[in-house]
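The next block holds one structure in the form of C-alpha cells; read it before the comments.
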Amino acid sequence: MGQVSHRPRLVPSRAVMAGLALLIVLGAAAGGAFLITRDPAAGRPAVARTPLADIRNLTAPVSPFPALTPSPSQTGSPASVPARHETAPTPPRLIAIARKPVSQAALSDIAALKDVTDVAVADGGAVRFSAATLNLLAVDPAEFRPWAPKAVAEQPEVWDALARGEFIADSRTAGQYRLQLGGEYEAGAGSRLRVAASAPFGLPGVDGLVAKDVGRTLGLIPGVAVLVHTPSAKAASVGARIKRLLGKGSQIVVIGARDAVRPPVPVAGPSTPAPTVAGGSGTSLVGRPGSYLDLYKLSAQVCPGLSWTVLAAIGQVESGHGRNNGPSSAGALGPMQFMPATWNAYGVDGDGDGKSDIWSPYDAVPSAARYLCANGAGLGGTKLRSAVFRYNHSWDYVDKVLGIAGSYARAYA
C-alpha cells in the first residue's frame with residue numbers, strides 16, 4: 001500500500017551543466033527574489049513561468065494515510081537526519097546571494113559580525129523543471145532543518161524524503177504549478193526529479209529544496225546562498241555589512257514577519273466525541289483522531305450515506321492528505337482545498353476549539369462532508385456523482401475521485 005521510495009534518476013546534460021555553471025544573479029521583483037541563470041545562446045536571463053505538464057510515474061491509485069497525532073518516534077529528530085542545532089527551529093532573517101562560492105573566511109567574517117547569531121550556507125541555482133524555471137537550494141537536511149519554520153521542522157517525512165534525494169517543493173510553487181505529489185518531472189535532458197512533498201518554507205524566491213548531492217548532479221553552484229539569523233530590528237544594518245563583505249553584485253533579501261507560515265498539521269488534542277450530523281450549524285464535531293484514516297471515517301458520519309472512502313479520495317487528490325495544502329493557483333486553501341467563499345458557507349468547527357479553520361484537517365474534512373451532503377452525496381448514485389462534480393467542476397475529476405474511492409474500499413475492506 002505504501003509508496004516505493006527511490007532516488008531520482010539524475011543524468012546531467014552538458015547543456016544544463018554549462019548553463020548553470022554560469023553566473024547566478026538574484027533579482028527582486030513583486031516582493032520576491034529570483035535566482036536567474038543566464039542563457040549563453042540568447043545572452044539574456046531566461047525565466048519561464050508556464051504551467052508544468054510532463055508528469056511521469058505517478059503514485060499508485062491510493063496513498064497511505066499520514067498520522068495526525070505525532071507518535072513518540074516523531075517527537076524528536078529522525079535517526080537518519082539528526083538535528084545539529086540546539087536553537088529552536090526558525091526561518092532565517094536574511095538570505096545573501098553571492099556572485100561566486102562564498103569562502104570559509106568570508107563565512108567566518110559574517111558569523112563574527114555584531115548581531116549575527118547563526119550562519120549557514122547552501123548551494124543554489126535555477127533549474128529547468130519541465131516547462132518552467134525553478135529556483136532551488138541544495139542543502140544538508142540535518143543542517144537546514146533548524147532553519148525551517150517550526151511546523152515544517154517537526155514533519156519527519158519532509159526531511160526523510162530530502163535525505164533520500166527527492167524534491168521538496170515550496171507550497172506556493174506546488175500550488176501555482178499544481179505539482180502532483182509522487183510525480184516525476186523533467187529536470188534537464190535525461191534527468192528527472194520526484195516531488196515527494198511540499199512545505200511552506202517562507203523563503204522569497206525559493207521554489208524548493210534538494211539534497212546537496214542531488215544539487216551537484218543538477219549543476220547548482222556550491223556555497224552561493226548564505227542564511228543568517230539576526231534580530232529583526234537589526235536585519236537591514238546587518239544585511240548592509242554582509243553585502244560589503246561579499247562584494248559587488250551580491251544581493252541581500254530581508255525576510256519579514258509577513259513571511260511567517262501556518263502549521264501544516266495541528267497538534268494532538270482531546271479525545272474524539274461522537275460526530276454531529278451535518279445541519280445548519282457551524283459545528284460538526286469529530287474531535288482530533290490520530291490519523292487521516294480515522295478522521296475520514298468519523299467525518300463521513302456527518303453525512304449519513306456517504307462513504308468515508310469518498311472523503312479519503314478527495315483528500316488524496318486535493319492535497320495528498322495534507323501534504324500540499326496550497327494555496328492553489330485558483331486560491332483554494334487547506335487539506336481539502338476549499339475556496340474561501342465556499343468555506344464561509346460550509347466551514348465547521350470539527351474539533352470543538354471554538355473556531356472553523358480552513359487549514360485544520362479536523363475542521364476541513366468534516367466541512368467537506370457537510371458540503372457534499374448539502375449537494376446530495378449521501379443519496380449515492382447519480383446524486384453522489386453530482387455532489388463530487390460540485391466540489392470540482394470536472395467529470396474527469398469525478399471519475400478519478402470515485403475510482404480512488406473504490407480502491408480504498410477494496411484495500412481497507
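Read-outs throughout are calculated quantities, based only on the coordinates presented, and are distinct from any laboratory measurement. What you are looking at is a predicted structure, and each value in this text was computed from that prediction instead of being measured. Don't worry about glycine lacking a Cβ; one is built from the backbone with ideal geometry, like all the others, and counts go over all protein chains shown.
The table below gives the values:
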quantity: Ranking of Val254, Val214 by count of other Cβ atoms within 10 Å, fewest first; calculated: Val254, Val214
quantity: Exposure proxy ranking, count of Cβ atoms within 10 Å, fewest first, for Ser386, Ser360, Ser367; calculated: Ser386, Ser360, Ser367
quantity: Net charge over other residues, Cβ less than 9 angstrom from the Cβ of Val238 (K, R count +1; D, E count -1); calculated: +3
quantity: For peptides 195-208, 154-167, sequence by mean Cβ density within 10 Å, most packed first; calculated: 195-208, 154-167
quantity: Full-stretch length increase - Ala345, Ala233 - with 0.36 nm per residue and alpha-carbon distance subtracted; calculated: 36.2 nm
quantity: Whole-Å distance, taken between Cα centres, linking the stretch 203-254 and the stretch 337-400; calculated: 41
quantity: Shape parameters for the stretch 292-411, alpha-carbon atoms, Rg then Dmax in Å; calculated: 12.8, 37
quantity: Fewest-first ranking of Arg178, Arg410, using other Cβ atoms within 10 Å as the exposure measure; calculated: Arg410, Arg178
quantity: Listed peptides 112-125, 296-309 by packing density, highest first (mean Cβ within 10 Å); calculated: 296-309, 112-125
quantity: Members of Lys100/Lys243; Lys150/Lys355; Lys355/Lys400; Lys100/Lys150 lying beyond 24 Å, as alpha-carbon distances in this model show; calculated: Lys355/Lys400; Lys100/Lys150
quantity: Mean separation of Cα contacts under 8 Å (6+ apart) over length of the stretch 292-411, as relative contact order %; calculated: 25
